[in-house]
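The values are calculated or read from the model by the stated rules, or taken from the named source; none is laboratory data. Since we're looking at a predicted model, the values are computed, not measured. Cβ coordinates were reconstructed from backbone atoms using ideal geometry, including for glycine residues, and neighbour counts include every protein chain displayed. These accessible areas exclude ligands, DNA and RNA; they are computed on the full protein's heavy atoms, side chains included. Shrake-Rupley method; radii C 1.70, N 1.55, O 1.52, S 1.80 Å.
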Amino acid sequence: MRLFIVQDLVERCFESAEKLVEQEVQIELVFSEDVLEAPISLLYAKSSQIYYLPMRFLEAISQELELLPYDLEEVIIDDEEVEIFLASAEGISSWTELLDKARQSQNLPQASFLEAKAKPLSTMTWELFGGAGAWVDDLGGGQGGLTHIYILAEAESGAVFGMKMVTEALTRQDLVDLVTQAVVYPMGDPSQAQAKRPARIYTADVALMELLYEPMQALGVGVKLAETPMAQEAFEHLLNHMGVDQFPNFFARYDEADLKSFFKAADGFFELEPWERLSGHKYIAFQINDGDWHYCNVMGQEGEEFGLAMFGSWLELCRFVHNQPAPLQMMMGAGVDKQVRAAGGVESLSLHEAGDLNPEDIAYLQNLGLNRDSYPIAMRFTLEGLETPRFSLVEYQTLLQGLAEVLASRKATQISSIKKTLDS
């Protein structure tokens, strides 16, 4: 019995010549630090005895457990242990072999400058890209902080030769260590069979170029200011695997007083648990002052994703509802793109931990001392990815206050109609 963890379930289903059926099973996901047991519906190829599990499901579960997808060590389906494989655009790989390689690369010694200089010079061009990674709740002493990740990728293939994560200000020695490690142990390979120096390193960051220039001259490697699309793509791919969603900047555009007022309104709304009294199948029309009519509905009736779904117009709402995918389609990741395309995007406000925020936002809030267990975050989903929400902080605040006033003034267990005048 085998389990394929697939990056694109729909594409994999179309590629398969076998008949696939939906099958209810009891699954046990054994992680390095936790175990999850649950009933689930999986696609199953009976003739080859292969189950298909979407990577996005594994990413969501591991993020909920505050782990990484690659912390998964074992899978048991209906009391039978299964072989695990990763099916991606690059092919099919044994999950166990991937884990072994990852562990070996983590235990490698730091390569020295002299070791790297002794390796032959190649014609390769490497790209260097760095950016904010994940928020870590405890870096020591109970203090949280933002990590930064730097990646070296080959300019033609996009293959990642090296990666380094730092929790403090990047130093020249950090960069030298990253390059020498990538030269001596390319792609974390302990055999050093492919160990070679690149001919040059591109970076689009002037500060990184200035830090690298002198030591790379001594290493016989050129440094040039240029675009780094492959390294940036690898960086974004890594964040996705880490379960780090790069939410657009939202809070850093507002001052402290506005943020405090917004958080107060959000707290008042969420404390009333409106999903217990308002149906998720009913929509609320709202107009602020003389503005356009907009629509929203309360989320969280299924015990997940508490908050508000927002729609800019009646037409946007109708297109969204009319294109709702069937449950099986949603599990496969099919139909959702059609729904988002039809609506022109979907906006929502829900609670998230600090690590989910845009790095600039979390740094800004921490500097203001606005530390919270969770943050009400507004975002807009489009086919191109996450975007800055169209509704402003003031509009969200006004709506949250109005809904909270209605909920607090009503005694009925279930509220079927609302009429309230809102003033910004």
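FRET efficiency for the ALA118 to GLU302 pair, using the beta carbon distance and R₀ = 60 Å, is estimated at 0.50. 3J(HN,Hα) along the range 264-274: 5, 5, 5, 4, x, 6, 5, 5, 7, 6, x Hz, from the Karplus curve 6.51 cos²θ - 1.76 cosθ + 1.60 with θ = phi - 60°, whole Hz, x for Gly and Pro. When MET216, MET124 are compared by accessible area of protein heavy atoms, the largest-first order is MET124, MET216, using a 1.4 Å probe.
Taking the average, over residues, of other Cβ atoms within 10 Å as the packing measure, peptides 39-50, 174-185 rank 174-185, 39-50 from highest down. A full extension of the chain between SER47 and LEU383 corresponds to an added length of 117.4 nm, given 0.36 nm per residue minus the alpha carbon distance. A simple charge model with +1 on the Cβ of Lys and Arg, -1 on the Cβ of Asp and Glu and nothing else charged puts the dipole of the chain at about 1060 debye relative to its Cα centre. Once amide H atoms are built 1.01 Å from N in the peptide plane, which residues 5 or more positions from GLY133, or in another chain, come under 5 Å H to H? So GLY133 has HN proximity to THR147, HIS148, ILE149.
Rolling a 1.4 Å probe across the protein heavy atoms gives the range 360-424 an accessible surface of 57 Å² per residue.
Rounded to whole numbers, the Karplus 3J(HN,Hα) couplings from phi for the range 343-360 are 7, x, x, 10, 10, 8, 10, 8, 8, 9, 6, 4, x, 7, 6, 4, x, 5 Hz, using 6.51 cos²θ - 1.76 cosθ + 1.60 with θ = phi - 60°, and x at Gly and Pro.
Largest to smallest in accessible area, the residues GLU271, GLU37 fall in the order GLU271, GLU37 (1.4 Å probe, all protein chains included). The trypsin sites (Lys or Arg not before Pro) of the range 344-424 that meet both conditions, a loop assignment by DSSP and at most 14 other Cβ atoms within 10 Å of the site Cβ, are ARG372, ARG390, ARG410, LYS411, LYS419, LYS420.
Taken one residue at a time, the phi angles of the range 214-219 give Karplus couplings (6.51, -1.76, 1.60, θ = phi - 60°) of 5, x, 6, 4, 5, 8 Hz. Gly and Pro are set to x.
Only protein heavy atoms count here; under a 1.4 Å probe, ASP255 has an accessible surface of about 80 Å².
Near PHE85, within a Cβ-to-Cβ distance under 11 Å, what is the net charge of the other residues, with Lys and Arg +1 and Asp and Glu -1? Neighbourhood net charge equals -1. Counting protein heavy atoms only, the chain has 49 percent of its accessible area on carbon and sulfur, 1.4 angstrom probe. Looking only at TRP95, TRP314, TRP135, which one moves most when the chain is put into a Gaussian network model with springs between Cα atoms under 10 Å? Comparing TRP95, TRP314, TRP135 in the GNM, the peak value goes to TRP314.
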